[in-house]
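Trainee: So that we are looking at the same thing, I have put the structure below in structure tokens.
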Amino acid sequence: GEDVFVENDWSVLQPSRPGYGATPLEAGPSPAEFVDRIAKLVSELGYTSVCAVGTSAGGRSAMTFAANYPELVTNLILESSVSFEEWPDRKTRRVARAAFNSFIEPITWGITHQLFRIAPDAMLRAMMGSLSTLPSKSVVEDFSEEERKKLNSLFKQMRSGSGFSNDLIPSEDITSSIVQPTLI
């Protein structure tokens, strides 16, 4: 999703949120702790202003970055971002805590990857059901064949490490402190 920025000659710094990829959870278990480290990194790289972009649960970090560092963050872009509202619902959080704890997470994703190989369209509908308020069948039907292939490929590779479990912990709602122009 960064292609549009690169194609328009923007520099892109894409840190992996704590608990995802190779970024340890200790890098900032809360958005406030994480953005302090990002601000320091941005400063050490010599940038004096940035546009913060947050996608999905990363939106909370981008919003917190904008709120806590208004002198550094000039604009904010939120792409399919979650808010600071309770997310997901209580029942889903309970199931997610069990399915994505550090011991079970590799098994959960292994089963998910296998199911995407066996029944890609059914799994895509199941995933879209949890990611959209629209009926999942109509969401999937609106995808082109190429988009379906890309999404299936993505879901067959996904892992969440300890990041998703960390995302389930409520964060301080700082939206009233955001002063930057924001594209949602």
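Trainee: Do we find a residue being aliphatic (A, V, I, L, M), within 30 Å of Ala32 (Cα to Cα) and at pLDDT 90 or above anywhere in the range 99-119?
Mentor: Of all residues in the range 99-119, those aliphatic (A, V, I, L, M) come to 99, 104, 107, 111, 115, 118-119.
Next, from what is left, pick out any that are within 30 Å of Ala32 (Cα to Cα): 99, 104.
After this cut, where a residue has to be at pLDDT 90 or above as well, the list is 99, 104.
Yes: the range 99-119 contains one or more residues that are aliphatic (A, V, I, L, M), within 30 Å of Ala32 (Cα to Cα) and at pLDDT 90 or above.
Trainee: Follow-up. Out of Leu72, Leu41, report the one residue that is exposed (fewer than 13 other Cβ atoms within 10 Å of the Cβ) and either in contact (Cβ under 8 Å) with a residue 24 or more places away in the chain or under 12 Å from the mean Cα position of the chain (by Cα) (or both).
Mentor: Numbers: Leu72 fails: exposed (fewer than 13 other Cβ atoms within 10 Å of the Cβ).
That would be Leu41, the only listed residue that is exposed (fewer than 13 other Cβ atoms within 10 Å of the Cβ) and either in contact (Cβ under 8 Å) with a residue 24 or more places away in the chain or under 12 Å from the mean Cα position of the chain (by Cα) (or both).
Trainee: Output the residues belonging to the range 44-58 that are open to solvent by 20 Å² or more (accessible area, probe 1.4 Å), under 17 Å from the mean Cα position of the chain (by Cα) and small (Gly, Ala, Ser).
Mentor: Scanning the range 44-58 gives a single hit, Ser56.
Trainee: Moving on to the next point. Of the residues Ser138, Ser144, Ser171, Ser130, which single one is open to solvent by less than 70 Å² (accessible area, probe 1.4 Å), within 23 Å of Pro18 (Cβ to Cβ) and not hydrophobic (A, V, I, L, M, F, W, C)?
Mentor: Details: Ser138 fails: within 23 Å of Pro18 (Cβ to Cβ); Ser144 fails: within 23 Å of Pro18 (Cβ to Cβ); Ser130 fails: open to solvent by less than 70 Å² (accessible area, probe 1.4 Å).
The unique qualifying residue is Ser171.
The values are calculated or read from the model by the stated rules, or taken from the named source; none is laboratory data. Given the structure is predicted, the values throughout are model-derived calculations rather than measurements. Because the Cβ atoms are built from the backbone with ideal geometry, glycine has one as well, and the counts that use them run over all protein chains shown. Heads up: the accessible areas ignore ligands, DNA and RNA and are worked out on the full protein's heavy atoms, side chains in. Shrake-Rupley method; radii C 1.70, N 1.55, O 1.52, S 1.80 Å.
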